[in-house]
Amino acid sequence: MISDFSGKRVLVTGGGIGIGLGIVRAFAQRGADVAFTWYTHEPDDDLIDQLGSLHGKRPFAIRLDATDEHHVAQVVSQVADVLGGLDVLVNNSGGMVERSALDQMSLELWRKVLDVNLTSCFLVTRAALPHLSDGGSIVNVASLAGQNGGGVGASAYATSKAAMFGLTRALAKELAPRQIRVNAVAPGLILDTPFHELFNTAEGRAAAIEGIALKKPDCRWTSPARSSGWPTTRPPGSSPALSPTSTAVPTSADRATRPGRSGFRTPPRWWPAGGAHPPTPTRCRATG
């Protein structure tokens, strides 16, 4: 994992809690200049000071309704002004909103879930592109639900996350001339986040763990603090634009772990061009 992002300008949406906050911490620890947005979980001064102590520079935090086109344009422009541009965008905003069986689901709920997860990604990315440096990076935080359909009542959520994979691949091709890498990560069971407090039960979490096919004796279920290294595998400008997350086959100059059949990894792990495969990790991450 790359350990130095000094001077890199990073925007993380939905960075006030959970996985997003873990990502913000990881970038701050590695020296990046970080801005993050929040919507329902406003960070207090203690948290901002704590994040600032990791890097010696307080992050810029601002409220954002990522489904509002005009608000997105305004906030992203303000962030770019504060940071002096962007090198990395992490689209982390999203949520299930609520569980509902398809035959009981209103059109309003369907549209809201897609707006929160998919339209927000489109709006923020579109607004960020004029400010994003050539050779930069976009990371879309999707979900394992986009692969396996999610749990009961999660059809809208799973659909929105599956669509993020298609958007990721399309953007990778579109932005390749600018050497901008576009990747998606698909978190599985990430404990200690509001998601499971709101949309799952203790029994449901236990069942999810029990249902994981691949287990190891020393396996530990991951948390935001441990999972936050995923998007920081390479700094902007360090490799070609395309990657296994966005293309079906990696090039010899941009080697990575074998992509899954869908062309992305959960989570991605990189090693040097021409290098041998990395050793099997002793700590596994539950991927639901």
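Out of all the residues in the range 89-99, is one or more surrounded by 15 or more Cβ atoms within 10 Å (Cβ to Cβ) and more than 21 Å from A142 (Cα to Cα)? There is no residue in the range 89-99 that is surrounded by 15 or more Cβ atoms within 10 Å (Cβ to Cβ) and more than 21 Å from A142 (Cα to Cα). Can you tell which of L11, L86 is out of contact with any Phe, Trp or Tyr (no Cβ under 9 Å at 6 or more places or on another chain), closer than 23 Å to V185 by Cα, at pLDDT 95 or above and surrounded by 15 or more Cβ atoms within 10 Å (Cβ to Cβ)? Among L11, L86, only L86 is out of contact with any Phe, Trp or Tyr (no Cβ under 9 Å at 6 or more places or on another chain), closer than 23 Å to V185 by Cα, at pLDDT 95 or above and surrounded by 15 or more Cβ atoms within 10 Å (Cβ to Cβ).
If you take the residues in the range 99-119 that are assigned to a helix (DSSP H, G or I) and touching a helix residue (DSSP H, G or I) at 6+ places or on another chain (Cβ under 8 Å), which one is farthest from L86 (Cα to Cα)? For the range 99-119, the residue satisfying everything is L102. Per the conditions (1) in contact with a helix residue (DSSP H, G or I) (Cβ under 9 Å, 6 or more places away or on another chain); (2) in contact (Cβ under 8 Å) with a residue 60 or more places away in the chain, the sole criterion not satisfied by L123 is (2). In the set L86, L107, which member is free of Cβ contacts under 8 Å to residues at least 40 places away in the same chain and not aromatic (F, W, Y)? Unique residue meeting the criteria: L107.
Among the hydrophobic types (A, V, I, L, M, F, W, C), surrounded by 14 or more Cβ atoms within 10 Å (Cβ to Cβ) and in a helix (DSSP H, G or I) - does that describe any residue in the range 42-49? Yes: the range 42-49 contains one or more residues that are among the hydrophobic types (A, V, I, L, M, F, W, C), surrounded by 14 or more Cβ atoms within 10 Å (Cβ to Cβ) and in a helix (DSSP H, G or I).
No other residue among G18, G52, G22 is touching a residue at least 60 places away in the same chain (Cβ under 8 Å), on the phi < 0 side of the Ramachandran plot and of a type in the set (G, A, S) apart from G22.
Each residue in the range 120-139 was checked for being closer than 21 Å to G20 by Cα and not in a helix (DSSP H, G or I), and 5 pass. Against the condition on the phi > 0 side of the Ramachandran plot and either free of Cβ contacts under 8 Å to residues at least 24 places away in the same chain or in contact with a His (Cβ under 8 Å, 6 or more places away or on another chain) (or both), how does G31 come out, does it pass? Yes, satisfied.
The values are calculated or read from the model by the stated rules, or taken from the named source; none is laboratory data. No experiment lies behind these values; they were computed from the predicted model shown. Reconstructed Cβ throughout: ideal geometry from the backbone, glycine too, with neighbour counts over all protein chains shown.
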